[in-house]
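The values are calculated or read from the model by the stated rules, or taken from the named source; none is laboratory data. Everything numeric here is computed off the predicted structure, so don't read it as measured data. Methodologically, a virtual Cβ is constructed for each residue, glycine included, from the backbone with ideal geometry; neighbour enumeration extends over all protein chains shown. For accessibility, only protein heavy atoms count, side chains too; no ligands or nucleic acids. Shrake-Rupley method; radii C 1.70, N 1.55, O 1.52, S 1.80 Å.
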Amino acid sequence: MNQPQAHAKPGPLQKHHFLIRRLHSLTGIVPIGVFLIAHLVTNSSLAWGKWGLRTEGRGYSVAEGGIKYFQKEVAWINTQVPHLLLIEITLWVSIAFHSILGFYYATTGKGNLPRYPHQDNWRYSLQRWSGYIGILFIFYHVATLRWGWTFLVPEGTKWSHDFSASTLAAALQGSPEGWTAAGIGISLFYFVGVSLLVFHFANGLWTAAITWGLTVSEKAQKQWGVACLGLGLGLMVAAWASLGGALLIDYDEAKGIESKLIVEKYGEDRLEELLDAAPAEPERPDEQAMADD
Amino acid sequence: MTEQRVIVVGGGLAGLAAAVRVAEAGVPVDLVSMVPVKRSHSVCAQGGINACNEVARQQGYSEYQHFDETIFGGDFLADQGPVLEMANWAPRIIDLLDRMGVPFNRTAEGFRDLRLFGGSLFKRTHFSGATTGQQLLYALDEQARRYEAEGKIKKYEFWEFLWPVTEGEGDDKRCVGMVAQDMRTMQIRAFRGAAVVMATGGNGLVFGKSTNSVICNGGAAARCYQAGAHYGNAEMIQVHPTAIPGADKCRLMSESARGEGGRVWVPKQKGDTRRPKDIPESERYYLLEERYPDYGNLVPRDIATREIFDICVNEGMGVDGENQVYLDLTHRDPDYLTRKLGGIMEIYEKFVGEDPRFNPMKIFPAVHYSMGGMWTTYTAGAYNPDSPLPAHKPGNAIPVSSDPGQGLTIGAPNNMMTNITGLYAFGEVNFAYHGATRLGANALLSCIFDGLCNGQSVVNYVRDEAGAVDDVASPVYDSVVKQEQDKHDALVSSSSGGSGDNSFNPYAIAKEMGDEMNAASTVVKSGPRLGQCMNKLSELRERYAKVELGDAAAWTNQSLSFSRAVGDMLIMAEAVAKGGLLREESRGSHYRTDFQDRDDDKFWKTSLAKYNPDTGSTDMEFVEVRKGLVQSRPRTYGKTAPAKSEPKQTAAAS
Amino acid sequence: MSDAYAHLHDAEQRRQNRKNAVPGRQVIIKIKRCDGPGKPSRWESFKVKTEAGSNVISCLKSIAANPVTTDGKQSTPVVWDSGCLEEVCGACTMVINGRVRQSCSCLIDEYAPREGDTLTLEPMSKFPVIRDLWVDRERMFHALKRVQAWVPIDGTYNLGAGPKESPEQQQTRYDLSECMTCGCCLEACPQFNLEEDEQAWDTAFIGAQAISQARLFNEHETGKRLKGERLDTLMGAGGVSDCGNAQNCVKVCPKGIPLTESIAAVGRSTTIHAVTRFFRGK
């Protein structure tokens, strides 16, 4: 015991302990956190799009403006952002890194909330639980809406970036006709998942400042805590607005608006083309009614 | 021949300083302690550590004056050479502690700050908040840990010293190691050592509730005493004037409270039930300030203690009719108090539930320190005046330089060695430095001085004089191990088939001993009362012979350790009481109602207790104090008030 | 913040309890006991008569003198660790009513003010139990060795004074230097776990105590000489990055040491250290 430095040969996790730990902290902010902000700001345009459209939005209802703005944003991302795949891969790799290590790190601690029910200790435990649930949510969210794993979606709605708002609403509400029991479950899952992720990010930002040594004094930690709380609340509003927007959208109305946008931009043919390409929709009994609209 | 090791028993300031010094010189050390050394009782020291310093020096202070104050404070009972050496080393010791990183309080310019302490009119006390002992101990603990990591010190924590191993008889008796027990596994084993340094502290538990830690039972010293080491000035026990009485112990309120302006008072009117802040100045009796205008609240401890005892017990003027007086700091700025005295303010608040920044503290004296201890010798230093000098006046030319070697011959192998060759006593367990009363903030100094200065003596002894300890036949060790194993086994077996009579309960015996010693042998003593006390001790020893343990466990048996120590404490208690009985004078902390004056003709002498294995009790003789540097003079501290009323004989029994 | 309020509330509650405590009452001391390593634990309760100023220590002492449980069974004296009884040595730390603290400063009046109230004592859970309430905290001292918590002086010879220091700097160091290695911060830390195997001590989380001590010596002019080595240790496995920021440590520290500030300060030092080390190439 006199030679404390001498221990068994360290594995790579131990050898690069510091670097890996700091990368874990960093990836939570860049790119994951930055993406989260952008994603929530974009999605919440379902609620604020009417005003985002400025003069053009005058005369629209909130839903109408939101759907339009949102669809424009989605279209822009999918057509104008360069190296989209590269960005996505970077994100996925970062999320995988952050979450796998996070799981591992979480196993090294044992929560003790009942004995020490302090506010900070609550956040310690919540940070871990929000990680567990949050990653499940992210996986479901990406798998269903991005990778098209429609078997996980009630009634198999497939999200399309040309009909972004309407397919989103159908996926969350459970069916294009509106709410189903499964849809309520999915929506609740979204509510919990996205809220926890926002908490996870805001709290992670607070702890990162300690980890990196930006906030040393108790007062600095408090002040930064207030800032993180502010950011967290802002993002929470954005998250709930996105969700609220998606849940309140009427599928048919949205699809109509989106169709019009496509016609305006590319003409009728393109719309036909897109509707034909969508495999899920022909099976729907009221498809004819839809097309007539 | 394999390496010669030094065994240091006790890991407080003295033990750690010794261990570090010896290890640094290249001699490996086994450091044995009942507790992790960082938890040693030295942590409890609060106020500070004395040393001459530049500011005081330019006001006329000097190391020599520090020496003179210490001798005077101790009522001339200490051998004078070692005290001179200690005072001369003091500034160097502060420097060293400073280098080790002790966070001494600082002035605005960044120099070490100073405070007033009892027995001096100069600011000469260095401090680190109100937990100076803790801070010094940690600094030495850290250095010891450094050597431990380098393999130069090996620690045996939670090991209890049981008995020294010696060979030879009489003057040839030589210590070659010791036997100790692992308090967890209960394993008893011998340690070979070319020298053994006892640094085991005081014996406050002999007096029941004291300011001491629960480990300060004096057991280790008592065992050395029974093995033939002599014990000096056993009767000299310091009762600290200001402590908070508690259910389990008395908690110290440092002298620094008075050093920072604390005033001791009682309401002039007996039984005044008003809150202290409602009592106007004119109706308060500031007893120390009125009786000692020069030193005021900063008279030495024994004097303050007796005055507080007197005002409560004899005059019946204690606050609320109880044995307590006010120690008042409420006139000082609360922030200042937090900065300078935070540690003790916190203790008071935690244990009493009142904030001493706004309410005067209620305090009463409690047993605190043992000036007496294992008798040690030394080789005198170079300073040897033709005739002893009178009192030193500030600013006068000092008669001797402050270089090392004036009071002690540095490195002489017999420095602070007991009458058993190779067995040393350092720190509180050494009787050498404080005479009949210790001045506040000199204890930390004497502990570290012993370790640092006389640690060199241990090294020299091991290198130059001690024979190869490996050559000592193993039966020498085995017989002591067997002796201790038998004692242990007998105690374990006492736990079954006993009478169940509470009078053989070790805890009951210890409590009765504590109560008796506290009443008869502390603040006020008298011949008849001490005689009574001796009888009580004999009775307790008879009962102890039939002691019954409550725990037969073969693993981590704390009751066994405690009960074993009770037997040793009883023997020590007898030496304390007997010393008090035979010293028919009053000197320093030792105050006899039947002999109220100091008697230099008969008792300017060290009481030397020798254990008589045939009778199982103490033989006491008085030997000359080694003096010759300063003259004796009356120790009044400028008392002006008329002689205090005669304490009644019965007071001592209270 | 809500927890700060809760703490105040707690302290206020205790003050009230103390004021209303029934003198001379009997209280139940319920103790989690264990005869030794590997032995099962059991609960025993003892009835104890309180007196003015009674604390957990005085209760345990009176149990030791007469160890009879509430159901009349003759038991053995409870084993516990204690020292100064003034809350400066750290020895008597245990878990009282579910929360870690020193037992000497735990006044019965504050915790069990009414006749028959129960006080629960458990050994610390993050260190191996030796017997009953006594645990082995050697790991903490080992951690001090790992972070080289000392000032590397040249030796004990007389080499003059140490470095000058401002009162503010002294105050910073003094606050850190009050750490008595009691282990409260580790007991309450969700990231610090019981490790019976000494081999694991060097890779499991080291805890706030040693991190704060490393900072203490990094703050000293001479102590700085080992700063790089200390940071290297704290950047390794079980180092400062394993902190989960639950911040329980600072709330249970009996000395009020700013442990979370120490963790952040060491975090900052490691950030700078890593960057400079990268660019310096060593």
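Only protein chains counted, 1.4 angstrom probe. Which residues of the range C:15-60 are at least 30 Å² less accessible in the assembly than when their chain is isolated?
C:18
Count neighbours as other Cβ atoms within 10 Å of each site's Cβ, and list the trypsin sites (Lys or Arg not before Pro) in the range B:270-314 that are DSSP loop with at most 14 such neighbours. Don't skip to the end; give the middle numbers.
Values: sites: B:270, B:274, B:277, B:284, B:291, B:301, B:306; in loops: B:270, B:274.
Listed in order of number, the matching sites are B:270, B:274.
For the full complex of protein chains and a 1.4 angstrom probe, list A:159, A:212, A:179 by accessible area with the highest value first. The partial results should precede the final answer.
Numbers: A:159 50, A:212 75, A:179 130 Å².
So the residues, ranked largest to smallest area, are A:179, A:212, A:159.
Using alpha carbons only, how many angstrom separate the centre of the range B:577-621 from the centre of the range B:412-448?
19
Just to confirm my understanding: which cysteines in chain C have no other cysteine beta carbon less than 4.7 Å from their beta carbon?
Unpaired cysteines in chain C: C:34, C:59, C:92, C:104, C:106, C:179, C:182, C:184, C:189, C:243, C:253.
Using just the C-alpha positions of the range C:13-134 as equal point scatterers, what log10 of I(q)/I(0) does the Debye formula give at each q in 0.11, 0.16 1/Å?
The computed values of log10 I(q)/I(0) come out as -0.34, -0.73.
What is the interface area between chains C and B, defined as buried accessible area summed over both chains with a 1.4 Å probe, reported in Å² to the nearest 100?
Numbers: alone 15150 and 23210 Å², together 32350 Å².
Chain pair C/B: roughly 6000 Å² of buried accessible area.
Can you give the log10 of the normalised intensity I(q)/I(0) at q = 0.10, 0.12, 0.14 Å⁻¹, computed with Debye over equal Cα scatterers of chain C?
-0.62, -0.84, -1.04
Report, to the nearest 10°, how far helix C:56-65 tilts away from the longest principal axis of the Cα atoms in chain C, using its own Cα long axis and a range of 0 to 90°.
Its long axis makes an angle of about 50 degrees.
Expressed as an acute angle from 0 to 90° and rounded to the nearest 10, what is the orientation of the C-alpha long axis of helix C:167-177 relative to the principal long axis of chain C?
50
With respect to the cross-link table entries B:487/C:73; B:270/C:49; B:38/C:47, which display a Cα-Cα separation exceeding 31 Å? Provide the component values of the computation, followed by the final result.
Numbers: B:487/C:73 29 Å; B:270/C:49 33 Å; B:38/C:47 34 Å.
Among B:487/C:73; B:270/C:49; B:38/C:47, the Cα-Cα distance tops 31 Å for B:270/C:49; B:38/C:47.
Give the Rg/Rh ratio for the protein assembly as shown, taking Rg as the radius of gyration of the Cα atoms and Rh as the Kirkwood radius, to two decimals.
Ratio value, two decimals: 1.08.
Can you give the accessible area of residue B:499, probe radius 1.4 Å, in Å² rounded to 10?
80
Based on the Cα atoms of the range C:137-280, what semi-axes does the equivalent ellipsoid have, where each is the square root of 5 times one gyration tensor eigenvalue, given in whole Å with the largest first?
Working: eigenvalues 117, 66, 50 Å².
Here the semi-axes work out to 24, 18, 16 Å.
Would you please state the base-10 log of I(q)/I(0) at q = 0.14 1/Å for the range A:147-270, with intensities from the Debye formula using one equal scatterer on every alpha carbon?
Rounded to two decimals, the profile gives -0.72.
Shielding by partners for A:212-224, please: the mean number of other protein chain Cβ atoms within 10 Å of each residue's Cβ.
So the per-residue partner count for this stretch is 4.
Can you tell me the relative contact order of chain B? Whole percent, Cα pairs under 8 Å, sequence separation 6 or more.
22
Give me D for chain A in µm² s⁻¹, whole number, from Stokes-Einstein with Rh from the Kirkwood sum over alpha-carbon pairs, 37 °C and 0.692 mPa s. Numbers along the way, then the final one.
Details: Rh = 21.3 Å.
Here the translational diffusion coefficient equals 154 µm²/s.
Using the 2.2 N^0.38 Å rule of thumb for compact globular proteins, work out how chain B stacks up: its C-alpha Rg over that value, please. Write out the running numbers ahead of the final one.
Working: Rg = 23.7 Å, N = 654, 2.2 N^0.38 = 25.8 Å.
Relative to the 2.2 N^0.38 Å estimate, chain B comes out at 0.92.
Cα centroid distance between the range B:152-213 and the range C:17-44, in Å?
The range B:152-213 and the range C:17-44 have Cα centres spaced 34 Å from each other.
At 1.4 Å probe size, with no ligands or nucleic acids counted, give the accessible surface of residue B:639 in Å², nearest ten.
Its accessible surface works out to 60 Å², give or take rounding.
List the residues of the range A:65-94 whose backbone N lies under 17 Å from a point placed 7 Å from the Cα of residue A:141 along the Cα-to-Cβ direction.
A:74, A:88-94
Note down the relative contact order for chain A as a percent, whole number, built from C-alpha pairs under 8 angstrom at least six residues apart.
Working: 296 pairs, mean separation 62.0, N = 293.
In percent, rounded to a whole number, it is 21.
Ignoring ligands, DNA and RNA, how do A:83, B:488 rank by accessible area with a 1.4 Å probe, largest first?
On the way: A:83 135, B:488 20 Å².
Sorted by accessible area, descending: A:83, B:488.
Just want to confirm a number: the relative contact order over the range B:241-365, from Cα pairs under 8 angstrom separated by 6+ residues, in percent. Write out the running numbers ahead of the final one.
Values: 186 pairs, mean separation 41.6, N = 125.
Answer for the range B:241-365 is 33 percent.
Leaving ligands, DNA and RNA out of it, rank B:163, A:240 by accessible area with a 1.4 Å probe, largest first. Display every interim value, and only then the final one.
Working: B:163 35, A:240 120 Å².
Output order, biggest surface exposure first: A:240, B:163.
Treating the beta-carbon of each Lys and Arg as +1 and of each Asp and Glu as -1, no other charges, what is the dipole magnitude of the range C:13-134 about its Cα centre, to the nearest 20 debye? It would help to have the intermediate numbers written out before the result.
Values: 19 positive and 13 negative charges, 55 e Å.
Using only the charged Cβ atoms, the result is roughly 260 debye.
What are the GluC sites (Glu not before Pro) within the range B:294-361 that DSSP puts in a loop, where the Cβ has at most 13 other Cβ atoms within 10 Å?
On the way: sites: B:307, B:315, B:322, B:346, B:349, B:354; in loops: B:315, B:322, B:354.
Those that pass, being in a loop and sparsely packed, are B:322, B:354.
Report the accessible area of residue B:313, computed with a 1.4 Å probe over the heavy atoms of all protein chains in place, in Å² rounded to the nearest 10.
40
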